[in-house]
């Protein structure tokens, strides 16, 4: 792209005027001293001084200052070609100052973002290490015990092999969830959209989790009786995973004899919003902004009273965003939480 010069004449004009006034004043004094006063000659002299001064100064600005300003542009362009090198080179100091300040502000934001990402990377690696080493050490412990002689006892052998197998299953579960998130993040997971009844899907998840909820005496219910089906257009399998993950979380952190209620409401003409509300432990406000991060734990002690890969909410967020939809969360400690997400209604079933 050819470099364009945006000329600024202010400096040259003002400087030329000052030089002209000074020389014209001297020349007038000289004529008065020689008693040869001629105003027309003075005006011509002043014009000549102005033209010569302006020409010399402007050439110096363009050749001397321009070269140095261009070097600044070139140096900065090495750091960020997309925002600086495409701009025209200018000798206007005000414009140059504004562009340099904007560049500095953009770099500051970029550096702050990189620092946040670095902290996130450290947290993520620490959490991955924690999640993987627990089942790995468990499996290793059982195998070493068997190798030390416990395998000779049939009952112990079977029990320890079963426990080691559970550890391996947990590892597989974590790896599968990580693989799913990676595909969602890079857009490598194709959504198989179809029209289906969201009420029927939620009821199916209720049935699948009935035994799990019964252990904590938690009731899974709709907010009302839905007589007519509500059809949405989405990936049925992925949305079932979303509903399942949200309900599993509500059971995990719900109080004994608690309730988890699901509602499906019209949002706008072509959207519905699905709300999953419980009366469980609730989430402290400071944790809500990071709730959907991979492996992020509200309980920082590292204990694992409840199972799971620690990736459930992150998967939920990625699936919903892959549908170009939104997910929301509201929560209050010791009161409960509400997770909600939007879906597109089926075009063939719009009311």
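The values are calculated or read from the model by the stated rules, or taken from the named source; none is laboratory data. All values reported here derive from a predicted model rather than from experimental measurement. Cβ placement follows ideal geometry from the backbone for every residue including glycine, while neighbour counts extend to all protein chains displayed.
Worth pointing out:
- Note on segment 50-64: among residues that are closer than 12 Å to residue 12 by Cα and surrounded by fewer than 17 Cβ atoms within 10 Å (Cβ to Cβ), the one that is modelled with the lowest pLDDT is 62.
- Residue check, residue 199 modelled with pLDDT of 90 or more and surrounded by 15 or more Cβ atoms within 10 Å (Cβ to Cβ): yes
- Screening the candidates 180, 291 for the property of being within 33 Å of the chain's Cα centre (by Cα) and in the same structural domain as residue 321 (by TED's automatic domain parsing) yields one hit, 291.
- Residue match in segment 154-169 (condition: surrounded by 13 or more Cβ atoms within 10 Å (Cβ to Cβ), in a helix (DSSP H, G or I), modelled with pLDDT under 80 and not assigned by TED's automatic domain parsing to the domain that holds residue 290): no
- Note on segment 268-298: residues that are part of a loop (DSSP other than H, G, I, E, B), at pLDDT 80 or above and closer than 21 Å to residue 334 by Cβ amount to 7.
- Annotation note: of 114, 47, 23, the sole residue that is at pLDDT 70 or above and in contact with a helix residue (DSSP H, G or I) (Cβ under 7 Å, 6 or more places away or on another chain) is 23.
- When 261, 265 are checked against the criterion of being assigned by TED's automatic domain parsing to the domain that holds residue 339, in contact with a strand residue (DSSP E or B) (Cβ under 9 Å, 6 or more places away or on another chain), part of a strand (DSSP E or B) and surrounded by fewer than 17 Cβ atoms within 10 Å (Cβ to Cβ), a single residue qualifies: 265.
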